[in-house]
1. Condition (residue is of a type in the set (Ser, Thr, Tyr), closer than 18 Å to Leu267 by Cα and not assigned by TED's automatic domain parsing to the domain that holds His189) applied to segment 56-65: is it met by at least one residue?
2. In segment 164-182, which residues are surrounded by fewer than 16 Cβ atoms within 10 Å (Cβ to Cβ) and within 18 Å of Leu324 (Cβ to Cβ)?
3. Mind checking which residues of segment 115-152 are more than 27 Å from the chain's Cα centre (by Cα) and among the β-branched types (Val, Ile, Thr)?
4. With the checklist (1) more than 16 Å from the ligand (Cβ to nearest atom); (2) closer than 20 Å to Val336 by Cβ; (3) touching a Phe, Trp or Tyr at 6+ places or on another chain (Cβ under 9 Å); (4) not assigned by TED's automatic domain parsing to the domain that holds Asp145 in hand, flag the one item Ile239 doesn't pass.
5. So which residues in segment 17-34 are modelled with pLDDT under 95 and outside any loop (DSSP other than H, G, I, E, B), if there are any at all?
6. Hey, among the residues in segment 294-307 that are small (Gly, Ala, Ser) and within 13 Å of the ligand (Cβ to nearest atom), which one's surrounded by the fewest Cβ atoms within 10 Å (Cβ to Cβ)?
7. Could you please let me know if Tyr91 is part of a helix (DSSP H, G or I) and under 30 Å from Phe256 (Cβ atoms)?
Amino acid sequence: MALLGLHPCQRFNLEELPNWSECQFNDGGTGPNEEAVNDIEGAFREALQSHSLLRFVKVYIARGRGILERSGRDPFVYAILGEGLSRMVGYFFVFIRHHRDSLSASGSAVTWQIEPSLLQRARAIADEVEKSGKEVSPYYKLSEDPPLDLWVRKNVRPVIESYVGSRAVAPHAHIRTVSAARFGPDWQHLYAANPNGYFHWDESCYSMPLIVYLDDVHLQDGPYSVVEGSDKWPRNFTIRAFTQAISCKLLVTNHFDAEYKQKIAALPRVFRGGEMVGAHLARAVLDEQPIRTMTGPAGTAVLSDGFSVVHAGGHPTTGRRRALFIAHRYPRKKLVDVYSRLGGLWWKLRVPPEKPRFAVNGASRRAM
Ligand SMILES: [Fe+2]
């Protein structure tokens, strides 16, 4: 059965990847599980149209219960389903406020060229960070850099607010300095099996950092890259919620070690994948996509929706990259987080976890 609206970067066929060949895969219940996912996804789309969540939650719980039973009430599956509902409730309360379908209608990233004079303070701090041998600067108070702060308010904030449909305030910032010579060994493993291995989605629906290059960035300096158009392609949000539940909450570990792979392989097929999509896809999937590599002179500024666009960057092959990252705060996010937690609680109330078993006179009995 075809899953509804699956994004090309959600077509996880891990059993076909050479570096997953040692794993034992579990394909039990695939057909009924995919049918359940399609029902959930259909109900989610209706909820976004009607702005009404109740029917979706009912469908999720009924269909999720079926997936859980078919797994033999696997506690890991139980946790994924609970976290998955929490995530989808969060998506709902973010998406219903969106004023348009994507951050930019004309591309997957918005770019500007900032005057070098506006970057003097940031570059001075980058020099200090580099001298200290560190990778990341302390918190960079944008309010102490009025010219740049004003530029962000005038140019970046309106683009973001007109997309998310709520206020973006008080940006915080930091500087990252990375070089192949200093940090290369820390990230080489990401590319060992697949040069596209670092392409990923960000966890937060509000992940829209502005990345400002403080020096010229060429191909070898780790330019930010996006899969052009990937923020506008259809996506299956149920599958996304499952992979987020696993990658961002329940199995936050090295995606390349054998233990991680076996845990993923042992899951029913609808849960198998990861937010680090490049590490969970055949190399050809991303090789066939239009990848836009954002090289540019100092002052190049790039804004994208990290939750929606498949992206990678920041790992120089031989050079270095120094960049200022500016991220806004979103007052509505606190409310979304509360609703999201209530979604997870809803699952636990409607589908209580198995009570632990204990032995009485040699017989296994369920706790009362
Ligand atoms: Fe990212």
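1. No, the conditions are met nowhere in segment 56-65.
2. Start the filter on segment 164-182 by keeping residues that are surrounded by fewer than 16 Cβ atoms within 10 Å (Cβ to Cβ), which leaves 165, 167, 169-170, 172, 181-182.
Passing the criteria: Ala170, His172.
3. Ile125, Val129
4. (2)
5. Correct list: Pro18, Asn19, Trp20.
6. Among those that are small (Gly, Ala, Ser) and within 13 Å of the ligand (Cβ to nearest atom), it is Gly306.
7. It is true that Tyr91 is part of a helix (DSSP H, G or I) and under 30 Å from Phe256 (Cβ atoms).
Table: residues versus (1) under 30 Å from Leu17 (Cβ atoms); (2) assigned by TED's automatic domain parsing to the domain that holds Val94; (3) more than 16 Å from the ligand (Cβ to nearest atom).
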| position | (1), (2), (3) |
| --- | --- |
| Asp149 | no, no, yes |
| Val159 | no, no, yes |
| Val164 | no, no, yes |
| Arg167 | no, no, yes |
| Thr177 | no, no, yes |
| Ala193 | yes, no, yes |
| Glu203 | yes, no, no |
| Ile211 | no, no, no |
| Ser225 | yes, no, no |
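The values are calculated or read from the model by the stated rules, or taken from the named source; none is laboratory data. These figures come from a predicted structure and were not determined experimentally. Here the Cβ is made from the backbone with ideal geometry for all residues, glycine too, and neighbour counts use every protein chain on show.
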